[in-house]
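> Once you've had a glance at the structure underneath, I'll fire off some questions.
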Ligand code: CP3
């Protein structure tokens, strides 16, 4: 598992460390900004590189993954997020999948029995996901901003494994969770151990911060979150936070879950776009940083609308140390690049102190 490491700030060669300082709630000259899904189809250079290649082929080739990771830096963002996908660990665990055109992820044999859970392998990410670690090491040679690694959280990963793809109501996942709690626990324990190792491995390879994406956990009530999910997330985060690198804990639709997610852990709590940022921060508490939370759809209309929404987020944060500007979920493929750039420029200028 590797020993404890020096805090990222001490070992980071990043020139611009605004993002890491904000994660630690240190005073910063201006609010750092990056975007979930900042690399991807809305960028012409991504679409060009993607021509004739699948997403998984890009992820499997460290030099291509590193190149895509760098693409959004031209917009002036203060951090880069590794180009990969939360589903990557599933294939070496034994659950093969593909991204079908227009459908999103398709798991070839969705989990429907205890036998399938027991057959999932608890992988060593340095071996099974060596290409991901190679991309991290390659980027860390000369990236001018901090590098964010990431993983999907156990509930979100389990939902893909059980549903076989995206889902409207998570019926199969919840049937397993409520109806076969021992099987659910076995699945969550395996996923949690893989996620813990995977985040640790990315940090050991050089990631300056990591984000845990529990994207779909907002579909649970607080009581069910606490019973079926929180212990597993807490296990991951309490271990990963021992490394000293900032850990961002994020989900969507989490208005009722913020306190429980905070209790599960995270240096920074990611806030979705439906919860007012000021209210979210009061509930999360002043001892945590927050990340968010502009509506990604506000980037679609006009530059002026985008900038107005960005300013609202800055107003809600009130210039207090510990705010990382982001969206409340990922950039949509139809987003105009110019609008993203306008928001970056606005945040840089309007937050200067
Ligand atoms: O720029 C970045 O943020 C880094 C790259 C990144 C990707 N996926 C690349 C990707 C990250 C952080 C993710 C996380 C991810 N993947 C999540 C959690 C974040 C979230 O949005 O809640 C989830 C749920 C997934 C699973 C996933 N991957 C889905 C549902 C899809 C299909 C939906 C779609 O947009 O088509 C993917 C495919 C995927 N992952 C793309 C990208 C850039 C689509 C682009 C392509 O096909 O080339």
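Each value in this text was obtained by applying a stated rule to the coordinates, not by laboratory testing. A quick note: this is a predicted structure, and the numbers were derived from the prediction, not measured. In this analysis, Cβ positions are derived from the backbone assuming ideal geometry, glycine residues included, and neighbour counts consider all displayed protein chains.
> Give region 32-45 a look and list any residue that's over 14 Å from the mean Cα position of the chain (by Cα) and near the ligand (Cβ under 7 Å from one of its atoms), or say none. Spell out how you get there, then give the answer.
Within region 32-45, the subset over 14 Å from the mean Cα position of the chain (by Cα) is 32-33, 40-45.
Passing the criteria: 40, 41.
> For the list (1) surrounded by fewer than 22 Cβ atoms within 10 Å (Cβ to Cβ); (2) under 18 Å from residue 276 (Cβ atoms); (3) within 16 Å of the ligand (Cβ to nearest atom), I need the number of the one condition that residue 312 fails.
(3)
> Still on this model: If the requirement is being in a helix (DSSP H, G or I), buried (at least 24 other Cβ atoms within 10 Å of the Cβ), in contact with a helix residue (DSSP H, G or I) (Cβ under 8 Å, 6 or more places away or on another chain) and in contact (Cβ under 8 Å) with a residue 12 or more places away in the chain, which of these qualifies: 343, 290?
Working: 290 fails: in a helix (DSSP H, G or I).
Matching residue, one of 343, 290: 343.
> Of the residues in region 220-264, how many are closer than 30 Å to residue 204 by Cα, within 16 Å of the ligand (Cβ to nearest atom) and either over 18 Å from the mean Cα position of the chain (by Cα) or part of a strand (DSSP E or B) (or both)?
Total satisfying the criteria: 5.
> While we're looking at this one, here's another question. Could you pull out every one of the helices (runs of 4 or more DSSP H) wholly within region 101-214 that has 3 or more residues that are under 20 Å from the mean Cα position of the chain (by Cα)?
Working: elements: 114-119, 125-128, 130-140, 154-163, 171-179, 181-205.
Output list reads 130-140, 154-163, 181-205.
> Next question. Report, by residue number, each residue of region 83-95 that is assigned to a loop (DSSP other than H, G, I, E, B) and either more than 9 Å from the ligand (Cβ to nearest atom) or over 10 Å from the mean Cα position of the chain (by Cα) (or both). Even if it seems obvious, please write down each step before you answer.
Applying the first criterion (assigned to a loop (DSSP other than H, G, I, E, B)) to region 83-95 yields 83-89, 94-95.
The answer is 83, 84, 87, 88, 89, 94, 95.
> Looking at 104, 115, 52, which one is without any contact (Cβ under 8 Å) to a residue 40 or more places away in the chain, surrounded by fewer than 17 Cβ atoms within 10 Å (Cβ to Cβ) and at positive phi? Full working, then the answer.
Numbers: 104 fails: without any contact (Cβ under 8 Å) to a residue 40 or more places away in the chain; 115 fails: at positive phi.
That would be 52, the only listed residue that is without any contact (Cβ under 8 Å) to a residue 40 or more places away in the chain, surrounded by fewer than 17 Cβ atoms within 10 Å (Cβ to Cβ) and at positive phi.
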